[in-house]
Amino acid sequence: MVKLAAKKIGRNDPCHCGSGRKYKDCHLPAEAAVRSEQLRLRQAQDTLLPKIIEAAQSIPDEFPPAFDRFWNGKYEYGLEQLEKLNTVEDRGAERFLTWLAFDVCQADGRTLVDQLDDAVESGGFDVDPFERQLLTQWRQVRLRPYVVAEVRRGKGLSLRSLFDDAMYEVADYGASKRLSPGEVVVGHLTPADTAPGAAAPTYYLAGAAAQLTDDTAEKLLEFAELHLADMRRRAPDATWDDMVNERSEVLNHFVIALPQEQRDPTVMERIIADGRIGLQLTTESVAALLGRVLPSDEEESH
Ligand SMILES: [Zn+2]
């Protein structure tokens, strides 16, 4: 593990590695370079998304159909409506634009992020080397659901993937103040810099994410499983990655069907029931498609 020197080591002090040389003649330059790269990747995290959203203005034809997909017909497309969405749905316009950039495959099968990354070489999209590094990593990013596992107020938080329990360290000062353990985040988690000695990169929430109360995690998973089961009717090996690649907007459909003011478990039951009817799935067929034994089957055998 590479260890960053504590701040109290002076340039002329002996290096912490025990070489006997002065810090400035030994590990200082390499460690300063690492810190500088970390900092610049963090800055790129802030500057890249606005550039992508700006570039989205060049694909106006994609807006209306994508808008209908994301909002499930709840709102009628229009530029005025897009502005209103930031109030009627928490940061709705921003959430939509982020999803449009990361998730919507256009006629050529590529997302806007893919297209921009491919355009960098020919000078079609102007980014610095740090933004470029992030842009290439961002090609894999899609809208996904996470549960807040731990919050370090004013520093960051740990998110657990609702789909596969993978853990992510998120350095988001704002989110660490807004979120509490157990709450659900539906958003775009983007990798940025890797801290010295860390096994995994630090993540950020790109753009706006939807924030749900802690009673929603289980029901959102159940709702998403309906869609995974539906895909498995055609593609038996379909994974969660396939699900979000094909229809990540259904996660937002769950979000916008929830009551905004107070908790209501019956609403979530209805969302799932409607989803099952819409996809023509029964509880039994979902269990079979997901390779599960229903609890009632076990009881019957007693
Ligand atoms: Zn040294």
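The values are calculated or read from the model by the stated rules, or taken from the named source; none is laboratory data. Please read these numbers as outputs of a predicted model, since none were measured by experiment. Cβ coordinates were reconstructed from backbone atoms using ideal geometry, including for glycine residues, and neighbour counts include every protein chain displayed. The accessibility values were calculated without ligands, DNA or RNA, using every heavy atom of the protein model including side chains. Shrake-Rupley method; radii C 1.70, N 1.55, O 1.52, S 1.80 Å.
As an exercise: evaluate Arg110 against (1) assigned to a helix (DSSP H, G or I); (2) under 30 Å from Ala257 (Cα atoms); (3) open to solvent by 20 Å² or more (accessible area, probe 1.4 Å) and give the number of the one condition it does not meet.
Just one mismatch for Arg110, condition (1).
When both residues are 6+ apart or on different chains and their Cβ atoms are under 8 Å apart, which pairs have a first residue that lies in region 13-32 and is within 20 Å of Pro196 (Cα to Cα), and a second that is part of a helix (DSSP H, G or I) and within 9 Å of the ligand (Cβ to nearest atom)?
Filtered contacts from region 13-32: Cys15/Tyr23; Cys15/Asp25; Cys15/Leu28; His16/Tyr23.
Could you check region 1-16 and list, in sequence order, the residues that are modelled with pLDDT of 90 or more, near the ligand (Cβ under 10 Å from one of its atoms) and open to solvent by less than 90 Å² (accessible area, probe 1.4 Å)?
Applying the first criterion (modelled with pLDDT of 90 or more) to region 1-16 yields 10-16.
Those still in the list that are near the ligand (Cβ under 10 Å from one of its atoms) too: 14-16.
Passing the criteria: Cys15, His16.
For residues that are open to solvent by 50 Å² or more (accessible area, probe 1.4 Å) and hydroxyl-bearing (Ser, Thr, Tyr), scanning just region 113-149, find the one that is nearest to the chain's Cα centre (by Cα).
Thr136
Select from region 38-73 the residues that are modelled with pLDDT of 90 or more and charged (D, E, K, R) and list them in ascending order.
Arg40, Asp46, Lys51, Glu54, Asp61, Glu62, Asp68, Arg69
From the list Thr194, Thr239, which residue is touching a helix residue (DSSP H, G or I) at 6+ places or on another chain (Cβ under 9 Å), more than 28 Å from Thr283 (Cβ to Cβ) and open to solvent by 20 Å² or more (accessible area, probe 1.4 Å)? Explain how you work it out, then say what you get.
Details: Thr239 fails: more than 28 Å from Thr283 (Cβ to Cβ).
When all the criteria are applied, what remains is Thr194.
Can you tell me which residue among Ala195, Ala206, Ala199 is within 15 Å of the chain's Cα centre (by Cα) and not in a helix (DSSP H, G or I)? Before you say what the answer is, go through the steps one by one.
Details: Ala195 fails: within 15 Å of the chain's Cα centre (by Cα); Ala199 fails: within 15 Å of the chain's Cα centre (by Cα).
Result of the check over Ala195, Ala206, Ala199: Ala206.
Based on what the data block shows, is Leu212 surrounded by fewer than 21 Cβ atoms within 10 Å (Cβ to Cβ), of a type in the set (A, V, I, L, M, F, W, C) and touching a residue at least 40 places away in the same chain (Cβ under 8 Å)?
In short, yes.
With respect to Ala206, is the statement that it is of a type outside the set (Phe, Trp, Tyr), in contact with a helix residue (DSSP H, G or I) (Cβ under 6 Å, 6 or more places away or on another chain), buried (at least 20 other Cβ atoms within 10 Å of the Cβ) and more than 30 Å from Arg132 (Cβ to Cβ) true?
Answer is no for this residue.
Can you tell me which of Gln43, Gln57 is over 20 Å from Arg95 (Cβ atoms) and more than 10 Å from the ligand (Cβ to nearest atom)?
Values: Gln57 fails: over 20 Å from Arg95 (Cβ atoms).
Unique residue meeting the criteria: Gln43.
Which one is most open to solvent (accessible area, probe 1.4 Å), of the residues in region 265-277 that are in contact with a Leu (Cβ under 8 Å, 6 or more places away or on another chain) and more than 22 Å from Leu85 (Cβ to Cβ)? Break it down into steps so the answer makes sense when it comes.
Initially, region 265-277 is screened for residues in contact with a Leu (Cβ under 8 Å, 6 or more places away or on another chain), giving 267-268, 271-272, 275-276.
So of that shortlist, the ones also more than 22 Å from Leu85 (Cβ to Cβ) come out as 268, 272, 275-276.
On the way: Met268: 9, Ile272: 3, Gly275: 12, Arg276: 58 Å².
Here the answer is Arg276.
Just name the residue that is nearest to Glu222 (Cα to Cα) out of those in region 263-277 that are among the basic types (Lys, Arg) and in a helix (DSSP H, G or I).
Arg276
Select, from Gln280, Gln260, the only residue that is modelled with pLDDT under 90, open to solvent by 40 Å² or more (accessible area, probe 1.4 Å) and either in a loop (DSSP other than H, G, I, E, B) or among the small types (Gly, Ala, Ser) (or both). Working first, answer last.
Values: Gln280 fails: modelled with pLDDT under 90.
Being modelled with pLDDT under 90, open to solvent by 40 Å² or more (accessible area, probe 1.4 Å) and either in a loop (DSSP other than H, G, I, E, B) or among the small types (Gly, Ala, Ser) (or both) holds for just one of Gln280, Gln260, which is Gln260.
Give the residue that is farthest from Arg40 (Cα to Cα), with candidates limited to residues of region 172-209 that are without any contact (Cβ under 8 Å) to a residue 40 or more places away in the chain and small (Gly, Ala, Ser).
Once the filter is applied, the top-ranked residue is Gly182.
Got a sec? Which of Ser19, Ser36 is away from the ligand (no atom under 13 Å from the Cβ) and over 23 Å from the mean Cα position of the chain (by Cα)?
Working: Ser19 fails: away from the ligand (no atom under 13 Å from the Cβ).
Answer to the check: Ser36.
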